[in-house]
Number of protein chains: 2
Amino acid sequence: MIAEHPDAPDPDDVDLSAVLHALSDPQRRRIVAELAASAEPRPCGSFAPGISKSTRTHHFRVLREAGLVEQWKEGTSKMSRLRRDDVDARYPGLLDSVLGSKAVA
Amino acid sequence: MIAEHPDAPDPDDVDLSAVLHALSDPQRRRIVAELAASAEPRPCGSFAPGISKSTRTHHFRVLREAGLVEQWKEGTSKMSRLRRDDVDARYPGLLDSVLGSKAVA
DNA sequence: CAGGTAGTTCGATGATCGTCGTATCATATG
DNA sequence: CATATGATACGACGATCATCGAACTACCTG
């Protein structure tokens with residue numbers, strides 16, 4: 001079988017897959033949690049200590065392409081912000097439940 | 001770097017990764033959605049038409065090992081049930097938000 | 001301009017994933 | 001017992017992933 005059947009792929013599904021995949025990595029989830037905890041934007045480099053710069057760049061790209069974070073350059077460093085409102089609007093309760101499993105406990 | 005730093009891996013994190021990874025696949029999410037929609041347990045074979053039996057078995061194992069579904073043999077076929085209560089208790093709101101992104105719309 | 005700091009890009013590598021077909025097992029029924 | 005049905009086990013294949021180091025770019029500062 002080649003999965004050729006005509007089931008509505010549902011456009012939202014694409015993004016949801018990306019979001020869930022992005023959040024399925026502990027390293028990235030940790031970044032998101034730190035991002036959610038600190039009100040002020042922080043430079044990328046201050047997250048996920050213990051992994052290489054390239055890996056960190058990779059993780060931030062996955063998060064960005066999933067629509068979870070926003071980034072902008074600021075002087076010598078690049079700032080990151082969790083797009084909480086956007087994500088909450090699109091997938092209500094998702095971030096809360098993913099992050100809350102530790103925080104709310 | 002070899003990620004040797006001492007950050008609490010958080011036992012819950014392991015399972016959460018498995019759950020999110022399980023839900024990040026559209027095929028599996030579809031199974032879960034169907035499972036959530038039908039009150040009565042149904043045989044595995046009645047889900048996810050268009051994919052091969054082995055693939056379906058694989059998906060059900062991923063869902064089972066993530067703690068999302070429960071299975072038991074009943075005569076010639078194997079029944080499946082969404083462990084809604086258990087999942088809701090462990091990750092409140094997660095299933096609702098993942099499934100709701102389509103259902104609630 | 002020289003030097004340093006912060007990120008990105010570019011392979012590469014080993015692991016995991018989704019999918020398949022085939023062979024096999026278990027159970028029910030003729 | 002023979003057969004059909006529903007599901008699993010077993011590789012296998014190509015794709016994607018997380019991770020790395022090294023080379024490169026952008027920017028600030030002295």
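The values are calculated or read from the model by the stated rules, or taken from the named source; none is laboratory data. Keep in mind that this is a model prediction, so the values were computed, not measured. Note: ideal-geometry Cβ built from the backbone for every residue, glycine included; neighbour counts use all protein chains shown.
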Query - Answer residue from the stretch B:14-41, given it is loosely packed, with under 15 Cβ neighbours inside 10 Å and more than 14 Å from chain A (Cβ to nearest Cβ) and is nearest to residue A:26 (Cα to Cα) among those - result: B:37
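Of the residues B:32, B:14, B:19, which is over 23 Å from residue B:75 (Cβ atoms) and modelled with pLDDT under 95?
Details: B:32 fails: modelled with pLDDT under 95; B:19 fails: modelled with pLDDT under 95.
Criteria check complete, one pass: B:14.
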Report task. May I ask you to list pairs of residues, at least six apart or on different chains, whose Cβ atoms are under 7 Å apart, with the first in the stretch A:43-60 being at the interface with chain B (Cβ under 10 Å from one of its Cβ atoms) and the second being at pLDDT 90 or above and more than 8 Å from DNA strand D (Cβ to nearest atom)? Result -> A:48/A:30; A:48/A:31
**Report entry** Whichever residue in the stretch A:58-88 is closer than 18 Å to residue A:23 by Cβ and out of contact with any helix residue (DSSP H, G or I) (no Cβ under 8 Å at 6 or more places or on another chain) and, among such residues, is surrounded by the fewest Cβ atoms within 10 Å (Cβ to Cβ)
**Finding:** A:85
Report task. Output yes when any residue across the stretch A:68-77 is modelled with pLDDT of 95 or more, more than 14 Å from DNA strand C (Cβ to nearest atom) and not β-branched (Val, Ile, Thr), and no when none is. Result -> yes
